[in-house]
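Following: one structure in structure tokens, then a few remarks.
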Amino acid sequence: MEEDQIKCLEDLKNVIEPETGMPILSLGLVRVSKNENEMVITYIPISAYTSPILVISVGIQILKECSRAKVMVDNYYLKDEINRRFEEIRNEPSRVSSHP
């Protein structure tokens, strides 16, 4: 695993799944992969029908912690729409303040 992936995983320990109050890493809700030279973080909500605002909130927290990574949602009924929104946010850095 590369240094940036390790740093990102360390930072993701701060991201809490809102319905359980537990870190998303502890619950196994995150996959980290590489697509070409880009790190991709895939978030799998605790339920395919979790409230969209909670899924978006977690995704934004991931973007803040790992600002250079592409964030995606999988196994979720609104994944296509939410993934489009995450890409828009990622392409407009001023919308998400990165972690120092």
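The values are calculated or read from the model by the stated rules, or taken from the named source; none is laboratory data. What you are looking at is a predicted structure, and each value in this text was computed from that prediction instead of being measured. FYI the Cβ positions are ideal-geometry reconstructions off the backbone, even for glycines, and counts take in every protein chain you see. In case anyone asks, the SASA skips ligands and DNA or RNA and just uses the protein heavy atoms, side chains included. Shrake-Rupley method; radii C 1.70, N 1.55, O 1.52, S 1.80 Å.
A search for C-beta distances below 7 Å between a residue of the range 57-70 that is within 11 Å of N14 (Cα to Cα) and any residue that is open to solvent by 50 Å² or more (accessible area, probe 1.4 Å) and of a type in the set (S, T, N, Q), counting only pairs 6+ apart in sequence or on different chains, returns K64/S97; K64/S98; E65/N14. Looking at I46, is it surrounded by 15 or more Cβ atoms within 10 Å (Cβ to Cβ) and out of contact with any Asp or Glu (no Cβ under 9 Å at 6 or more places or on another chain)? So I46 does not fit the description; no.
Pairs linking a residue in the range 18-31 that is of a type in the set (D, E, K, R) to a residue that is part of a loop (DSSP other than H, G, I, E, B), with Cβ atoms under 6 Å and 6 or more positions apart or on different chains, are E19/I46.
Can V40 be described as touching a helix residue (DSSP H, G or I) at 6+ places or on another chain (Cβ under 7 Å) and of a type in the set (V, I, T)? Judged against the criteria, V40 is not a match. The set of residues in the range 17-33 being more than 10 Å from the chain's Cα centre (by Cα) and either open to solvent by 80 Å² or more (accessible area, probe 1.4 Å) or hydroxyl-bearing (S, T, Y) (or both) consists of E19, T20, M22, S26, S33. Looking across the range 6-15 at every residue that is touching a residue at least 24 places away in the same chain (Cβ under 8 Å) and out of contact with any Cys (no Cβ under 9 Å at 6 or more places or on another chain), the one that is least open to solvent (accessible area, probe 1.4 Å) is identified as V15. For the range 58-87, the set of residues classified as open to solvent by 50 Å² or more (accessible area, probe 1.4 Å) and either at pLDDT below 90 or farther than 26 Å from E2 by Cα (or both) consists of S67, R68, N75, Y77, L78, K79, D80, E81, R84, R85, listed by residue number.
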